[in-house]
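The values are calculated or read from the model by the stated rules, or taken from the named source; none is laboratory data. Nothing here was measured: the structure is a model prediction, and the numbers come from that model. All Cβ positions, even for glycine, are placed from backbone atoms using ideal geometry, and neighbour counts span all protein chains on display. To get the accessible areas, we keep the full protein, side chains included, count just its heavy atoms, and leave off ligands, DNA and RNA. Shrake-Rupley method; radii C 1.70, N 1.55, O 1.52, S 1.80 Å.
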Amino acid sequence: MLSGRPLACFLALAAGCGPTSTGPRRPLASLPTPPAAGAQDVWATDPGAQTQSSRWFLTLAGEPVTLALDGDLAGTHLAGSVTAGDGAIDPVDNVSWNAVTGVLDFRRVTSGVAQWVHARAVEGVLTGRVGYGALGDDPPVDLAAYSDHVVGWNEVYFSADVVPRVFDLEVGDNRARLRLDRDAGGTIVGRFKVYADEADGNAAEEVEYDVAVQSWDGQTLAFTRDLANATQTFSATVDGATLAGTLTSSDGSPAAEVAGMRVELLAYGFAGRDAAARADWQTRTRRQLQHLMMADDPGPLSLSADRAPVTLTPASDDVAADRDDDTDNWPDDYAVDELHLTATLPDPYGGPALARALHGFLATPPGSAPAGGWPAIVVLNGHDGSARGTLDPSDPLYWYGDAWARRGYVVLALDVGHRPLADRSALYHDYTGGDAPADGNGTHPAIRAEALDSDWVEDGERAWDVARAIDYLATLDDVDTARLAVSGLSMGGEVATFAAALDPRVAAVVPAGFVPDLTVMALNGNHPCWRWLFGDPLDWISVSDLHALVAPRPLVVETGLADATFSRLAPPFVDGKEVARRSRAAFADAPDAFALYLHPGGHEYRFGDVLPQSGAAALDVTVPAIDGPRTPGDLGWAADGTTESLGGTLTDLVAGFLPGP
């Protein structure tokens, strides 16, 4: 059994070292003090008037609102209001703010009901619970009364610099993303992508343009976009979270209104930073994402393992037809154990410890481990798959666990999947029995206190599970955890990306079939299990930001020339190349550590050893020959599918990233 970090104060909201009895629980506001939230400037001060003010842009019980607070410099006599989207203003009272812990409490009186908000800010990001009571009453005593969520951000904290900034825009009938950053010379630069329109949705997606920014000071914005036959001029003003302006065109087209919202609050940007600035951003952004997605990522109180040898029977005697990993020269002589892990973690509301069950398989190479131990890889299945399937040579999609095991890696194949319907019915209604229950990959109950729904996001739970798999590998004497990778296809690639972004112990990551532009993916009919029950991931992060959290650790992102999973733009790999262009900014000091493996296939995993089924010529890892605009205004680079070889297979590349002792 592993000893985890102590229970002391791993609490997501207002809790600290809470009671562990199962009797009546106290209201959230009376739970013990949480740990320090760290320095965060959330107040605008007027020393002359001896006052301070603070604005928060929140999703409060599913409703977008603005919370405005003011009071004296001592932090007493705080009061304020909540402005709803329709302009209605509700009073706020019973306000308290703890600068050390980041805990914010207030009551909103709306439509004859008292909303009691109890939340905690970490690095300017607020998450918490919303309870309901009658006017004139004290905060609810029953924990179950806190049935809703609040999530949002603070204006002061996120206005420290004017870049990076990202806005989601409505430009006439078009929907677009505008990104602003500062280049090495100090000039503000921008990128603009139309990703949908009112009539055709994301079928109207365009390539991303570089735009010329004439002015941007945090409040007033002007930029131009050069089209083939006209120049568009945008002018706008920004107030907190919103943008409003106009578009005019040199061809005499009618002017269009521009309206927008600030999004991707945690953006790394696309112009690059030095290593120290990147590390500072990574530290803050991991804390923010852990706060948003993982109830502050409590470490396990305990981790126990049940491991037993097992013989896996392939679904068929044939190797999967699309495998390109040269199985003829890599024998499957590894041993397999079935693995059940049980982790416990604190209940943030003071109840008994919560339990999390994990299931998978451990493949171990034959013979004695080399000095220092074998390299290891955690492999993750995608939709309708399982850990067992990743070790099945005949599995049509998820055979790559078997491939890595043949190559001398300790492979921990971990089931990832979906919550039971009761834990996510507001998002989707399929997978009621899990992804592959016959193979052991049933549903994965949410991490939550008994009386409440979960404070966790599904991808946060999945990443936490991967971290526990790494904890287990760290207990094995024959594993070299300094040479540890994570990999998966599709949803498995998504989870691998989050896991590596949030856990610096991952030395290399290979996500396959997951390099989408999330704004396009959100409209493409893809399965919504990546979405959040409370809040919107598009408000906070993009895939290139997750890649920036991995940098400068090695990252090999696989996508196919024919993979149309996430975009209807032709050719379908344009999005992947555009995302990769932004991602490379974080690898400026380690350019060889990032590779967009652009292979000739579709939504599949590739090694580049041999042509599928042919045993013929080696393919190697291939990357775009053109990975950015060749000249100013070049729009064709992203649609260019020309590739060049890196001179080795995926095995060669990863082995180079994870050299032995």
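The D317 and T59 beta-carbon pair, evaluated with R₀ = 51 Å, returns a calculated FRET efficiency of approximately 0.45.
How much area per residue is accessible in the chain when the probe is 1.4 Å and only protein heavy atoms are counted (Å²)?
Spelled out: the 1.4 Å probe surface of the chain, per residue, equals 37 Å².
Given C-alpha coordinates of region 54-160, what is the ratio Rg to Rh with the Kirkwood estimate of Rh? Dividing the radius of gyration by the Kirkwood radius yields 0.94. Rounded to whole numbers, the Karplus 3J(HN,Hα) couplings from phi for region 266-280 are 9, 4, 6, x, 10, 9, x, 9, 6, 4, 5, 5, 4, 4, 5 Hz, using 6.51 cos²θ - 1.76 cosθ + 1.60 with θ = phi - 60°, and x at Gly and Pro.
I want to verify the translational diffusion coefficient of region 520-631 in µm²/s; compute it with Stokes-Einstein, Rh as the Kirkwood radius over Cα pairs, at 10 °C and 1.306 mPa s. The diffusion coefficient I find is 102 µm²/s. Packing around the peptides 69-76, 593-600, 462-469, taken as the average count of other Cβ atoms within 10 Å per residue, puts them in this order, highest first: 462-469, 593-600, 69-76. Short-range pairs are left out: with C-alpha atoms under 8 Å and at least six residues apart, the relative contact order of the chain is 11 percent.
What the Cβ-Cβ distance of D274 and V162 gives, at R0 = 25 Å and to the nearest 0.05, is a FRET efficiency of 0.85. Taking amide H as placed 1.01 Å from N in the peptide plane, A315 has its amide H under 5 Å from the amide H of S394, each at least 5 places away in sequence or on another chain.
Let me check I have the definition right: for region 361-425, take the eigenvalues of the Cα gyration tensor, multiply each by 5, take square roots. What are those semi-axes in whole Å, largest first?
Three semi-axes, in Å: 28, 13, 7.
The Kirkwood hydrodynamic radius of the chain, based on inverse pair distances between different Cα atoms, is 26.2 Å. Look at the dipole of the chain built from charges on Cβ: of H527, A160, P571, the Cα furthest out on the positive end belongs to A160. Between V109 and D210, take the C-beta separation as r, use R0 = 60 Å, and let me know the FRET efficiency to the nearest 0.05. Efficiency at R0 = 60 Å is approximately 0.80. Computed from label points 7 Å out along Cα-Cβ, the spacing between D138 and S253 is 6.2 nm. Summarising the amide proton neighbourhood of A335: residues at separation of 5 or more, or on other chains, whose placed amide H is nearer than 5 Å comprise T364.
Convex hull over the alpha-carbon atoms of region 203-294: what's its volume per residue in Å³?
Measuring per residue, one finds 156 Å³ for the Cα hull of region 203-294.
What do you get when you divide the Cα radius of gyration of region 33-85 by 2.2 N^0.38 Å, with N the number of residues?
Its radius of gyration relative to the 2.2 N^0.38 Å reference: 1.31.
For region 116-244, the Kirkwood estimate of the hydrodynamic radius, built from every pair of different alpha carbons, is 17.7 Å. On region 52-133, 54 percent of the accessible area sits on carbon and sulfur atoms, based on a 1.4 Å probe.
Annotation: extensible slack from A451 through A184 equals 91.0 nm (criterion: 0.36 nm per residue apart, minus Cα-Cα distance). Summarised in one figure, the compactness ratio Rg/Rh of region 443-486, Cα atoms and Kirkwood Rh, is 1.14. Each residue of region 240-256 is assigned a 3J(HN,Hα), and the resulting list reads x, 8, 10, 10, 9, x, 9, 10, 10, 10, 5, 8, x, 4, x, 4, 10 Hz, derived from the Karplus form 6.51 cos²θ - 1.76 cosθ + 1.60 (θ = phi - 60°), x at Gly and Pro. 3J(HN,Hα) along region 638-643: 5, 8, 7, x, 5, 10 Hz, from the Karplus curve 6.51 cos²θ - 1.76 cosθ + 1.60 with θ = phi - 60°, whole Hz, x for Gly and Pro.
Here region 520-579 has 58 percent of its accessible surface on carbon and sulfur atoms, given a 1.4 Å probe and all protein chains in place.
Could you check the spin-label model distance between D93 and L421? Points 7 Å from the Cα along Cα→Cβ, value in nm. Between D93 and L421, the label points sit 4.5 nm apart.
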